[in-house]
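Enquirer: The structure is given below, and queries will be raised subsequently.
The values are calculated or read from the model by the stated rules, or taken from the named source; none is laboratory data. Small disclaimer: the values here were computed from a predicted structure and weren't measured. In this analysis, Cβ positions are derived from the backbone assuming ideal geometry, glycine residues included, and neighbour counts consider all displayed protein chains.
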Amino acid sequence: MPRISQRASAIFESPFRKYLPLAADAKARGVDVIHLNIGQPDFRMPEIDFSNLDFKDYIPYGHAEGEAALREAWCAYNRRFDIEIDPENLLITTGASEGILFALMAVADVGGEVIVPEPFYANYNGFAQMAGLVIKPIFSSITEGFAIPVKEEFEQAIGPRTKAILLSNPNNPSGKVYSRETLEDLASLARRHELFLIVDEAYSEFLYEGFDFFSALRLEDVDENVIVVDSVSKRFNGCGIRVGAIASRNEEIIEHIARFGRLRLSPPMLGQKIALAALSLDRDYHQPVVKEFASRRDLLLSRLSQLPDVIFHAPEGAFYMLVRLPIKDSEHFCAWLLTDFQYQGKTVMLSPGTGFYATLQKGTDEVRIAYILGKERLSSAMDCLEKALQVYPGLKKTVSPAASTQP
Ligand SMILES: Cc1ncc(COP(=O)(O)O)c(C=O)c1O
């Protein structure tokens, strides 16, 4: 019998999808499963004229680097964020996901190390494994509002194999927005140690009151170091069109990432047409969307603050929240919600916190809530969570006063 590779057998399983079979079983038993496990919001896309999908007899491959019109439109769109980048320095990818994988493969060889503040977007674990890299996590704590300790801890983590720092801003799963100062500190670290600074800006559009987004492409004197990954998935609620971008003023890295792109021939042509139409709209799609996310966030904050022994930090951006619960094992809890629990015919599907850390034992008492559904569904989900925490057999014994950190 042929054997699969060690890489394949060790591959990290996405915490958002891991328990889908259990959710399917629960649904088959008639339970209404409220999905707060994945970042796929319920908003409509902007209204797009699909008649521009004018393929007739066949859909050809496009340019490996992406269609010129889309690259230009993306650069024009970026000016809204005061980002000046030339289309030659921006490549279209099959979602930010491909951009992250390409970036990791381009910055380090097998055995190389990438420093990532944790908690981090869980799929970085899998992409690093696919590229043969090791993630060196830098812990940021829920009780300190997920602030990242820049200088000393990063310096200590940097070794001869370290090639890059990777983070998402705003952060999924914590909702943390990194300030200009934090990014400048990371940039000076990257410059001093000749590292790449890869910033995943998939949520740049989703900022709550009091928080500003500062793109890493605006950092000065680090053109050779900075690589930005972007996406239209969340921006226009078009996750399934699979279009993202990767940008850097480092021409060597862009040329070599373009070579990876040539191997996969072309990013999706249909998706690029839709992305072009969305990026070219001049009306503001995001203002009402962000407003709705803010009120969903506030609903969660209010409900969670009434639960004993629950710790959280109010999200500053994106639409996720990492919450510490009085549970011993978040994997067990998330599975149990689907296998053994229901309240008024409903249950809630969450992502276990462990998937968002590289350090073992971190996140064992945390879950990620993606507040991607309307307030009625969110309220029902919170009813379920509240009830579940009264009857779950794996609760921690210690009882401490409820605590939270607010922006
Ligand atoms: C931080 C972050 N980066 C990248 C992605 C993947 O984006 P895409 O759909 O463009 O591949 C996600 C998806 O949830 C994400 O949360």
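Enquirer: Among the residues of the range 49-102, which ones are part of a loop (DSSP other than H, G, I, E, B) and closer than 13 Å to S280 by Cα?
Expert: Selection gives D49 alone.
Enquirer: So is L263 crowded, with 21+ Cβ neighbours inside 10 Å and of a type in the set (A, V, I, L, M) or not?
Expert: No: the conditions fail for L263.
Enquirer: Can you name the residue in the range 314-346 that is within 20 Å of A24 (Cα to Cα) and among the aromatic types (F, W, Y) and, of all such residues, is surrounded by the most Cβ atoms within 10 Å (Cβ to Cβ)?
Expert: Checking each candidate, the answer is F333.
Enquirer: Then there is this: Please specify each residue of the range 196-223 satisfying the condition of being more than 10 Å from the ligand (Cβ to nearest atom), within 22 Å of D109 (Cα to Cα) and charged (D, E, K, R).
Expert: D223
Enquirer: Anything in the range 64-108 that is touching a Pro at 6+ places or on another chain (Cβ under 6 Å) and on the phi > 0 side of the Ramachandran plot? List them, or say none.
Expert: Scanning the range 64-108 gives a single hit, G66.
Enquirer: Which of the residues spanning the range 173-221 are crowded, with 22+ Cβ neighbours inside 10 Å, touching a residue at least 60 places away in the same chain (Cβ under 8 Å) and assigned to a helix (DSSP H, G or I)?
Expert: Selection gives L217 alone.
Enquirer: Restricting attention to the range 224-254, report how many residues are of a type outside the set (S, T, N, Q), touching a residue at least 60 places away in the same chain (Cβ under 8 Å), more than 12 Å from the ligand (Cβ to nearest atom) and buried (at least 24 other Cβ atoms within 10 Å of the Cβ).
Expert: 2
Enquirer: While we're looking at this one, here's another question. Yes or no: P21 loosely packed, with under 11 Cβ neighbours inside 10 Å, within 30 Å of S380 (Cβ to Cβ) and free of Cβ contacts under 8 Å to residues at least 60 places away in the same chain?
Expert: yes
Enquirer: Oh, and also: With respect to M349, is the statement that it is crowded, with 20+ Cβ neighbours inside 10 Å and touching a His at 6+ places or on another chain (Cβ under 7 Å) true?
Expert: Taking the combined requirement at face value, the residue satisfies it.
For every residue, the table says whether it meets (1) among the acidic types (D, E); (2) more than 21 Å from the chain's Cα centre (by Cα); (3) in a helix (DSSP H, G or I).
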{"residue": "P288", "(1), (2), (3)": "no, yes, yes"}
{"residue": "R296", "(1), (2), (3)": "no, no, yes"}
{"residue": "L299", "(1), (2), (3)": "no, yes, yes"}
{"residue": "V323", "(1), (2), (3)": "no, no, no"}
{"residue": "A358", "(1), (2), (3)": "no, no, no"}
{"residue": "G363", "(1), (2), (3)": "no, no, no"}
{"residue": "Q390", "(1), (2), (3)": "no, yes, yes"}
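Enquirer: Also: Identify, from the list E224, E292, E255, E251, the residue that is at pLDDT 95 or above, touching a helix residue (DSSP H, G or I) at 6+ places or on another chain (Cβ under 8 Å) and among the acidic types (D, E).
Expert: Within the list E224, E292, E255, E251, the selection yields E251.
Enquirer: Starting from the range 86-112, keep only residues that are assigned by TED's automatic domain parsing to the domain that holds P268, then list their pairs with residues that are at pLDDT 95 or above and among the aromatic types (F, W, Y) whose Cβ atoms are within a distance under 6 Å, requiring at least 6 positions of separation or different chains.
Expert: L90/W74; I100/F127; L101/F127; F102/F260; L104/F127; V107/F196
Enquirer: A further question on this structure: Filter the range 153-182 for residues that are of a type outside the set (G, A, S), within 16 Å of the ligand (Cβ to nearest atom) and touching a Leu at 6+ places or on another chain (Cβ under 6 Å) and give the result.
Expert: I165, P173
Enquirer: When the residues of the range 24-48 are narrowed to those that are assigned to a loop (DSSP other than H, G, I, E, B) and free of Cβ contacts under 8 Å to residues at least 24 places away in the same chain, which ends up surrounded by the fewest Cβ atoms within 10 Å (Cβ to Cβ)?
Expert: For the range 24-48, the residue satisfying everything is R29.
Enquirer: I'm trying to understand the selection: among the residues of the range 24-61, which are outside the structural domain of C334 (by TED's automatic domain parsing) and of a type in the set (G, A, S)?
Expert: Of everything in the range 24-61, just one residue is outside the structural domain of C334 (by TED's automatic domain parsing) and of a type in the set (G, A, S), namely S51.
Enquirer: Under 9 Å by Cβ, and 6 or more places apart or on different chains, what pairs join a residue from the range 377-392 that is of a type in the set (D, E, K, R) with one that is assigned to a helix (DSSP H, G or I)?
Expert: Going by the 9 Å Cβ cut-off, the qualifying pairs are D383/R303; E386/R303.
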